[in-house]
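J.: I have a structure I would like to understand better, so I am pasting it below and will then ask my questions one at a time.
The values are calculated or read from the model by the stated rules, or taken from the named source; none is laboratory data. Source: prediction; values computed, not measured. FYI the Cβ positions are ideal-geometry reconstructions off the backbone, even for glycines, and counts take in every protein chain you see. Accessible surface areas use protein heavy atoms only, side chains included; no ligands, DNA or RNA. Shrake-Rupley method; radii C 1.70, N 1.55, O 1.52, S 1.80 Å.
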Amino acid sequence: NAGVTQTPKFQVLKTGQSMTLQCAQDMNHEYMSWYRQDPGMGLRLIHYSVGAGITDQGEVPNGYNVSRSTTEDFPLRLLSAAPSQTSVYFCASSYQYRGTYEQYFGPGTRLTVT
Amino acid sequence: GENVEQHPSTLSVQEGDSAVIKCTYSDSASNYFPWYKQELGKRPQLIIDIRSNVGEKKDQRIAVTLNKTAKHFSLHITETQPEDSAVYFCAASTPGTASKLTFGTGTRLQVTL
């Protein structure tokens, strides 16, 4: 199993450009999430999904869109990039097992917006 | 929504000493509390977790304790080793939101020789 994969690993955008960060998992997990990680602020939830066709907002959803058409894929779209979106983005998948929900993280995408 | 506070932000210990990291949460309905370790440039990885119906859990040199009344939980690492140096994150999850974790801001642990 590849686990959780993310592409690209690095990306530089100009202000106002749009792009999609790709995330895929091959573990048949129901739940998928997107986080951003900024220095001193931990991991903040952007959007999450509890199954194909179902998504919801997290703590910092503004400027981002998601969709979940399949169990495997959960892309994150930046609509109009801003310097404040410079960050490391992690995708994660998880499943419920006896009341626990271990999140499996992807390798991350480092995004710089100039 | 849930709010998780984590202390200290940095912690330096000598090899062989113990390290303790503390977190508090705000939502009394939260019932799942994982701890993640993140090495430099790597992804976070789960090291231990605890459910709200358990007060303590151990896994070799790592233990987590939970005080539901006070709404705080702690990570204890004994006999620290240089490879324990990393950033540690606590998190909390409320029922019915399996993929919705609220993370603390992290503790950078440095184990010195």
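Conditions (1) under 18 Å from B:Thr94 (Cβ atoms); (2) out of contact with any strand residue (DSSP E or B) (no Cβ under 6 Å at 6 or more places or on another chain); (3) surrounded by 14 or more Cβ atoms within 10 Å (Cβ to Cβ), marked per residue:
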| position | (1), (2), (3) |
| --- | --- |
| A:Tyr35 | yes, no, yes |
| A:Met41 | no, yes, no |
| A:Ser49 | yes, no, yes |
| A:Ala52 | no, yes, yes |
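Residues are listed down the side, and each one gets a yes or a no for (1) assigned to a loop (DSSP other than H, G, I, E, B); (2) modelled with pLDDT of 95 or more; (3) farther than 24 Å from B:Glu39 by Cβ; (4) in contact with a helix residue (DSSP H, G or I) (Cβ under 8 Å, 6 or more places away or on another chain):
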site	(1), (2), (3), (4)
A:Gln11	no, yes, no, no
A:Gly16	yes, yes, yes, no
A:Glu59	yes, no, yes, no
A:Ala81	yes, yes, yes, no
A:Ala92	no, yes, no, no
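J.: Out of the stretch A:78-114, which residues are away from chain B (no Cβ under 13 Å) and open to solvent by 50 Å² or more (accessible area, probe 1.4 Å)?
T.: A:Leu79, A:Ser80, A:Pro83, A:Ser84, A:Thr86, A:Thr112, A:Thr114
J.: Can you give me the ranges of the strands (runs of 3 or more DSSP E) entirely in chain B with at least 3 residues that are without any contact (Cβ under 8 Å) to a residue 40 or more places away in the chain and within 11 Å of chain A (Cβ to nearest Cβ)?
T.: B:45-51
J.: Name the residues in the stretch A:20-33 that are over 11 Å from the mean Cα position of the chain (by Cα) and open to solvent by less than 30 Å² (accessible area, probe 1.4 Å), would you? Give the steps one after another, and end with the answer.
T.: Initially, the stretch A:20-33 is screened for residues over 11 Å from the mean Cα position of the chain (by Cα), giving A:25-31.
Those that are over 11 Å from the mean Cα position of the chain (by Cα) and open to solvent by less than 30 Å² (accessible area, probe 1.4 Å): A:Gln25, A:His29, A:Tyr31.
J.: Look through the stretch A:54-77, keep the residues that are open to solvent by 60 Å² or more (accessible area, probe 1.4 Å) and within 14 Å of another protein chain (Cβ to nearest Cβ), and return whichever of them is nearest to B:Ser93 (Cα to Cα).
T.: A:Glu59
J.: Does the stretch B:75-83 include one or more residues that are at pLDDT 95 or above, of a type outside the set (Lys, Arg), open to solvent by less than 40 Å² (accessible area, probe 1.4 Å) and within 22 Å of A:Tyr89 (Cβ to Cβ)?
T.: no
J.: Report, by residue number, each residue of the stretch A:18-44 that is part of a loop (DSSP other than H, G, I, E, B) and either at the interface with chain B (Cβ under 7 Å from one of its Cβ atoms) or on the phi < 0 side of the Ramachandran plot (or both).
T.: Listed by number, the residues that qualify are A:Ser18, A:Asp26, A:Met27, A:His29, A:Glu30, A:Asp38, A:Pro39, A:Gly40, A:Met41, A:Gly42.
J.: Collect the residues in the stretch A:33-59 that are in contact with a His (Cβ under 9 Å, 6 or more places away or on another chain) and hydrophobic (A, V, I, L, M, F, W, C), keeping them in residue-number order.
T.: A:Trp34
J.: Among the residues of the stretch A:61-79, which ones are at pLDDT 95 or above and closer than 17 Å to A:Leu111 by Cβ?
T.: Those that are at pLDDT 95 or above and closer than 17 Å to A:Leu111 by Cβ: A:Pro61, A:Asn62, A:Gly63, A:Tyr64, A:Asn65, A:Val66, A:Phe74, A:Pro75, A:Leu76, A:Arg77, A:Leu78.
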